Structures are given as structure tokens and as C-alpha cells.
Amino acid sequence: MVLEKVAKIIAERIDCDASTIQNETKFEELGIDSLEVIELLMSMEEEFGTEIELEGTKLTTVADLVQLIKSKLQ
Amino acid sequence: MSFSVLGTGMYVPANVVTNHDLTKFLDTNDEWIQQRVGVVTRYISETETAADMAYEAAKAAIENSGISANQIDLILAASISGERVSPAIACEVQELLGISCIAFDINAACSAFVFLLETAAGFFARGYRNILVIGAERMSRILDWQDRNTSVIFGDGAGAAVLTAGKNYLDSTVTVRGGHDVINIPNFMGNSPFFKGVPEAPYVQMNGQETFKFAVNAISQDIKHLLQKNNLEMDQIKYIVPHQANKRIIDMASMKLKIPAEKFYVNIQKYGNTSAASIPIALDEMNRQGLLQRGDLLLLTAFGGGLAHASCLLRW
């Protein structure tokens, strides 16, 4: 559920097919740099209506982002 | 009683460093730096100290203000990259100007210019007449020039303003919220025989992702807050003058706030991030280019190490 939403937002941003975005996909492979990852995270905050603090988390893969969002939604 | 801005001044070192120049010793390239940070050139000191730059900016601001140096009754400066812990840059400027007012520095990193204005407002409330405020940085002193993530961002320079008792500092918001691990600039460690820790390298260390998120939220919160509190619409504001930290921060804040990019005054492409000097340099450029008319409303918004952020509503 979270993965689907995340994949959809990423796909819209970089104009690709959402089904190609998997948990293990690295942002770097998608041509998304580390600041763009935060831009994505901030759109997720609006999408999920919650503030998501990084608290030192490193976001390298889609799974890292999904995990962080899940931890805040619980 | 608060104050009005009487005059502005700035100074940058003679030495211009392009992105291409950096590729000679760093694994980086012009496209990456421009896309990632928005910097094209920066001025990097070869010989000028932060106090030298502060003095030049101060002289220009005093000349622009039309008052004489000895009418100034307080000099407040801010820097995180000066050559000396003591004397303060403000004291060095006072000596170079040959005047006898009180002078001291504050440390609020990249948010410092708004902290300077807020501090000055307190002194105006105590009856001071003319205050010189200066942000001066020789950031090149405190960078690890082998770290391509930080060294490409910053530049050296100074900006100053002469303030006089008046009513144009309309409102402000100041926040400090912890986060020493997000932006950390360790100081020089002496040779204490009793020291038991591990000395940290005295260079700018920054968590780029955390800083980016903090900065965008800081600008967005402060601007919304000041507009709402003062019953203002965005179209009543002539310019937002943000701390020039990274073009991407400004772009993202503009998107988040749904405020057109043209409202934000941006000059990071030319100077890089000059920390405490970025807002007064921007103000001086705008002033001398004739972009500001008396009565124009400006929002100055600054954020950085602390973590801290501070913004104000200023009538020109």
C-alpha cells in the first residue's frame, strides 16, 4: 500500500512506469539525487498528511523511504 | 521604536573561482554543481581576512547612509569564520574606522543577519541612535577543500547595513531547535595535556538531506507565519530575500509555498553561500541596482547551524 503510493509519486515525478519501481530500486538508478529524495519525502508528507522526520535515516533505496513512512504511520 | 535601514555596503575578495577551477583538484563538474547547488562562481579570499572584508563593507555602508562614522554608537558583527576568536570582528572594524563606540560579535551561523537585526532592535529600544551591523565570512578558512559535498557550496564576502532609530523593522520570528549533528563546525582543539576526547576536524560538516529538509520547512513556516500575523498577502511583499544556502532550497520553498520564483531574490550563482554575509550582500545589490523604493515591504528569511531560523518583515 505504502510502496504503491510511493512508486506512483516517484513515477509521476520522473515520468516512468510505476510498476518498474520496486523495493530494492536505488534512487541513484532512477537518476534521483539525494536532495530530490528529500523533495519526494516532502511530497509524501503532504500525501500522507504527517510530518516525517529523518532522524539520521539514510535514504538510499525505495525500501528505505517506504520503511521510514511506515514507521511514522504506525 | 525600532529602526530603519539608512545605507548598505558589501565587499567580496578580488579572486573569482569558477566551477571549472574546482575541477582541477576535486572530482566534480560544472553541471553537477549548478544542478545540485546553483553556484557558478564564488569569491575566495587569498589575503583578505574576515575583518578586512567587514571593514570594506562597513565603509561602503556608512558612505551610502550619509552619516559619518563617529555618529555610530554600536557595531554588531557576526561571523563563524574569522581569523581570531578575539578580538571580535566588530572590535577590529571599530579600530579601523577610528571610532570609539562599543562593539561585539554574535554567533548565529547562517541565520546571523536576522539575529543581528533582532539584537539591534533591542538596543534601539534602549535609546541607541545609529547601529552598524555586519555579516562577514571567510568560509574558505573552515572548509575541507577535499570534500566535494561542502567545498563547492560556499564563498567569502561581507555585507553591512547602517541602521538608524525608526519604525521600519515591523515584525520578526526567531526559532532555535537543536540539531548539532545536522550542521557541525568544530573549533580548533588546543594542546591540552588533559584532553581525553577525539579532536574533530575543524571544517564544515553537514548532513545535506537533513539540512535541506530543515531549511525548506524553516522558510515556509516563517513566511506563512509573518504574512498571517501581519494580515498581509504575498503580492504586498516586494521581495523575499532568503539566505543564499542552495538554489534548490529556495526553489523547493517557492514550490511548497506556491509563491512565484521571481519573488525570491537570488544571487547564489555569483557568490555561493556566504553564510552571515549572504542577506546583507543581497540587500546591498538590490539597493544599488535600484530594485527597492522607500516603503517597499521585504521578508528576510535565514536558517542554518543551531539549528536556528529567523525571519523578519522590513519596510524599506
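The values are calculated or read from the model by the stated rules, or taken from the named source; none is laboratory data. Bear in mind the structure is a predicted one, so any value in this text is a computation, not a measurement. Note: ideal-geometry Cβ built from the backbone for every residue, glycine included; neighbour counts use all protein chains shown. Just the protein is used for accessible areas: all its heavy atoms, side chains included, with ligands, DNA and RNA removed. Shrake-Rupley method; radii C 1.70, N 1.55, O 1.52, S 1.80 Å.
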### Task
Would you work out what percent of the accessible area of segment B:1-152, with all protein chains in place, is carbon or sulfur (probe 1.4 Å)?
46
### Message
Looking at chain B, identify the longest residue range that excludes and avoids all GluC sites (Glu not before Pro) in DSSP loops having at most 11 other Cβ atoms within 10 Å.
### Response
B:47-232
### Summary
Quick calc, B:Met255 & A:Asn23: beta-carbon distance into FRET formula, R0 35 Å, rounding 0.05, result 0.80
#### Entry: Members of segment B:240-268 that become less accessible by 50 Å² or more once partner protein chains are added (1.4 angstrom probe, chain alone as reference)
B:Arg248, B:Met252
### Summary
Magnitude of the Cβ-charge dipole (Lys and Arg +1, Asp and Glu -1) of chain B about the Cα centre, nearest 20 debye, reported as 840
### Query
Gaussian network model of chain A, Cα springs within a sub-10 Å range: biggest mean-square fluctuation belongs to which of A:Ser34, A:Ser43, A:Ser19?
A:Ser19
### Query
Using the heavy atoms of the protein chains alone and a 1.4 angstrom probe, what is the accessible area of the protein assembly as shown per residue in square angstrom?
44
#### Entry: Average Cα contact separation per residue, chain A, under 8 Å, 6 or more apart, as relative contact order %
38
### Query
What average count of beta carbons from other chains do you get within 10 Å of the Cβ of residues in B:204-214?
4
## Note on the structure
The percentage of the accessible area of segment B:171-315 (probe 1.4 Å, all protein chains present) made up of carbon and sulfur atoms, to the nearest whole number, is 52
### Query
Counting alpha carbon pairs within less than 8 Å and at least 6 residues apart, what relative contact order, in whole percent, applies to segment B:23-91?
29
### Task
State to the nearest 20 debye the size of the charge dipole of segment A:2-73 about its Cα centre, where the only charges are +1 on K and R beta carbons and -1 on D and E beta carbons.
240
### Query
Which of A:Gln74, A:Thr50, A:Leu35 sits farthest toward the positive end of the charge dipole of chain A, with +1 on the Cβ of Lys and Arg and -1 on the Cβ of Asp and Glu?
A:Gln74
#### Entry: Computed over chain B: relative contact order in percent, which uses C-alpha pairs under 8 Å that are six or more apart
26
### Task
Take the Cβ-Cβ distance between B:Lys196 and A:Arg13 as r, set R0 to 45 Å, and report the resulting FRET efficiency rounded to the nearest 0.05.
0.40
#### Entry: Within the accessible area of chain A (1.4 Å probe), percent carbon and sulfur
46
#### Entry: Chains B and A together, accessible area buried on both sides, 1.4 angstrom probe, square angstrom
1400
### Message
About the Cα centre, and with charges only on the beta carbon of Lys, Arg (+1) and Asp, Glu (-1), how big is the dipole of segment B:172-297? Nearest 20 debye, please.
### Response
120
### Task
For segment B:40-74 and segment B:201-221, compute the distance between their C-alpha centroids and round to whole Å.
28
### Message
Taking the Cα centroid of segment A:14-48 and of segment B:235-270, what is the distance between the two, rounded to the nearest whole Å?
### Response
24
